[in-house]
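Some notes on the structure that comes next.
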Ligand SMILES: Cc1ncc(C[n+]2csc(CCOP(=O)(O)OP(=O)(O)O)c2C)c(N)n1
């Protein structure tokens, strides 16, 4: 199988790395060659972060290029707009509707365009309110796993494998919340509740 | 056993499997997790040293005692450790000594870009360059063997995309090995001129022997496919070449010093056209040109990272079709966390109109608007020397000169700078931002807070006493969240003649276990003066008519904004959960 490229884009602190890690483990358990690339350090302090997972029969590069990702999962609206070119035409673009205003906007030195959702909708984005679903699951912190649930609908792995892997990866106190979060994200997309 | 490991985890594993009993280094992205992982392995000890030079010296002692030892640091760390490194190459080793160096092309988290392959010919130390985690493990083990067989320290050179990418690795067992017995050997270990002259030539002999051995045994790899194009490459660039030019033949250089001259000549003779793909400096290209081997100099960027797409375009591909971009987006620079104590200090610092010589850590973010309180950042420890230098030549516009330096950075190389100012009778205000942790690189312990890499408690250095021991008369401690009190101390100290130290002490917001209840703005009282906005706190924004708003899901209740509000418009609110946790 040719490599599948999934890019997760968000803001430092949103849990993109954990989500990517779960996906990489699921792909490994399914017998694929897997590479995952993440950036630590300075950017983690509230900067833009992106993580890439690639899996297939044989994967060389751990990173990808604009126009080459099959799936782009955006944890935040502005970052979705920033990264939209990375998903190939015809690829899947999943967008959390949450906005985290960057500091230049908070201090009034820059503005966030107000038509981002419309622009992303033109690109075929599937929208999701991950924080709302995460709160329903029991903790707003599980929004990253809600997004994994939504992503999982477009990938070939079984629901059981996802659940097992999440269970093994998150702190034991939070397993139930995270499994619920995964389920809610997955159902939202299966049942077509994601606003296309 | 197959595992998904990062390059850093794989190096740690490789060192452990090779029987290393000590790991030592100083944190630095992208190298940091190497030692953290090594520390978690059975039957080893791992230590953070205050800086890279000390780390390498500790490793030298361990090697002299016959043990295998791993040292880890980021690229700029080698500049600090270069003094022992060069002479260690003369000495050689007893127990194997392997240095992981992680470069950061593209400067994701660094103040400069350096290609550590250059240390090979400069210091005459072998360089191994893995291309993924499996090789990171294998090459680290091989590096220990080479180190002992050829009596030489060995560098394993990684880059961000090796260190911070995970790929599959088959992990092995640990080789139990006997300690190499100690023998007194002054001609080898005591580098005074008469001995060093001998060892200098001996080093050339060892490198030459290694070069001969490498022709058979180096981890270089030749892959012949279509021979109309042959690409010479190394490290992560190999992966991009495989992706971008699937049919090309490849010489993958695994040992980039000594340069595999014979392998390069043989490969060039078998392919119609040679090209070289490498990230960062023209290292291979320079050496290959010196061999007289002709190659096609494809256009690669002079700085920054490569990618499969960049490599494809260098060979004439048009690249993938792109969607349209969405213009007009605000930038998202990194920022200090909500509740960060550095913010309070910088806010107070605004009142003294100082020239601020800065340093490296989370607090470097104080250079960005709206605080904009830093005029320089050179390298770790430079703030204090720069303050002194500017003062010695008569100061700057009659303004006070203040240096700011973090606790870990102070222990790394600030103490010597402070000794220098005290010794030379200099003046200025040194502010030590003691947030009780090495925060920027992910919360490592350091000598000022007294927790070791093994999780032990140790003596924490008393900064105030240290300063008095240097004869510094004015040493004051402030709580940076208390902005008014901090401002008063700053105003007094910048007026004082001579040298003074202010210890700005409050723990990093990320290590404070319990958050306080968040604050909220009382709109009736808020005059839209903008004072709180100038904190640059990610929890505070303004609405359309300039009134402040606090995002209760972001606020951690540090109360800095309460202290800067002259109109008592910021009040305690209920906890985020009571308000419904909407985000
Ligand atoms: C020679 C060198 N080694 C390591 C680093 C990586 N590094 C940058 S900042 C920093 C530590 C900062 O800690 P501290 O001074 O306590 O400041 P904080 O981040 O906690 O505010 C380190 C290790 C570097 N830039 N240069």
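The values are calculated or read from the model by the stated rules, or taken from the named source; none is laboratory data. Everything numeric in this text was worked out from a predicted model, so none of it was measured. Here the Cβ is made from the backbone with ideal geometry for all residues, glycine too, and neighbour counts use every protein chain on show.
Residue-by-condition table, conditions (1) touching a strand residue (DSSP E or B) at 6+ places or on another chain (Cβ under 9 Å); (2) touching a residue at least 24 places away in the same chain (Cβ under 8 Å):
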{"residue": "A:146", "(1), (2)": "yes, yes"}
{"residue": "A:152", "(1), (2)": "no, yes"}
{"residue": "A:160", "(1), (2)": "no, no"}
{"residue": "A:163", "(1), (2)": "no, no"}
{"residue": "A:170", "(1), (2)": "no, yes"}
{"residue": "A:173", "(1), (2)": "no, no"}
{"residue": "A:185", "(1), (2)": "yes, yes"}
- Message: Just to be sure before I move on: is residue B:475 away from chain A (no Cβ under 14 Å), more than 8 Å from the ligand (Cβ to nearest atom), part of a strand (DSSP E or B) and buried (at least 21 other Cβ atoms within 10 Å of the Cβ) in the structure I sent?
- Response: no
- Among the residues of segment B:480-514, count how many are assigned by TED's automatic domain parsing to the domain that holds residue B:345 and more than 16 Å from the ligand (Cβ to nearest atom). 19
- From the list B:163, B:158, B:131, B:109, pick out the single residue that is within 14 Å of chain A (Cβ to nearest Cβ), closer than 17 Å to residue B:283 by Cα and within 16 Å of the ligand (Cβ to nearest atom). B:158
- Message: For segment B:413-445, which positions are within 16 Å of the ligand (Cβ to nearest atom), in contact (Cβ under 8 Å) with a residue 40 or more places away in the chain, away from every other protein chain (no Cβ under 14 Å) and out of contact with any strand residue (DSSP E or B) (no Cβ under 9 Å at 6 or more places or on another chain)?
- Response: B:413, B:415
- Item | Flag if residue A:109 is modelled with pLDDT of 95 or more, at the interface with another protein chain (Cβ under 7 Å from one of its Cβ atoms) and over 12 Å from the mean Cα position of the chain (by Cα) | no
- Query: Picking from B:335, B:368, which residue would you name as being within 16 Å of the ligand (Cβ to nearest atom), surrounded by fewer than 20 Cβ atoms within 10 Å (Cβ to Cβ), touching a residue at least 60 places away in the same chain (Cβ under 8 Å) and within 30 Å of residue B:492 (Cα to Cα)?
  - Reply: B:368
- Query: Is it the case that residue B:448 is within 13 Å of the ligand (Cβ to nearest atom) and more than 21 Å from residue A:44 (Cβ to Cβ)?
  - Reply: yes
- With the condition kept exactly as written, say whether any residue in segment B:452-465 is outside any helix (DSSP H, G or I), under 30 Å from residue B:38 (Cβ atoms), within 16 Å of the ligand (Cβ to nearest atom) and touching a strand residue (DSSP E or B) at 6+ places or on another chain (Cβ under 8 Å). yes
- Residue ID - surrounded by the most Cβ atoms within 10 Å (Cβ to Cβ), chosen from residues in segment B:299-317 that are part of a loop (DSSP other than H, G, I, E, B) and more than 24 Å from the chain's Cα centre (by Cα): B:300
- Among the residues of segment B:535-553, write down those that are out of contact with any helix residue (DSSP H, G or I) (no Cβ under 7 Å at 6 or more places or on another chain) and touching a residue at least 12 places away in the same chain (Cβ under 8 Å). B:539, B:545, B:546, B:547, B:549, B:550, B:551, B:552, B:553
- Query: From B:408, B:403, which residue is near the ligand (Cβ under 10 Å from one of its atoms) and crowded, with 19+ Cβ neighbours inside 10 Å?
  - Reply: B:408
- Task: Within segment B:281-298, track down each residue that is touching a residue at least 12 places away in the same chain (Cβ under 8 Å) and part of a helix (DSSP H, G or I).
- Result: B:283, B:284, B:285, B:287, B:288
- Task: With respect to residue B:23, determine if the residue is away from the ligand (no atom under 13 Å from the Cβ) and out of contact with any strand residue (DSSP E or B) (no Cβ under 8 Å at 6 or more places or on another chain).
- Result: no
- Please state which of the following conditions residue A:57 fails to meet, knowing it meets all the rest: (1) within 7 Å of chain B (Cβ to nearest Cβ); (2) more than 17 Å from the chain's Cα centre (by Cα). (1)
- Out of B:394, B:328, sole residue that is more than 12 Å from the ligand (Cβ to nearest atom) and in the same structural domain as residue B:413 (by TED's automatic domain parsing): B:394
- Task: Just give me the residues in segment B:72-88 being more than 16 Å from the ligand (Cβ to nearest atom) and crowded, with 22+ Cβ neighbours inside 10 Å, in sequence order.
- Result: B:88
- Item | Checking residue B:56 against (1) away from chain A (no Cβ under 14 Å); (2) away from the ligand (no atom under 16 Å from the Cβ), the condition it does not meet | (2)
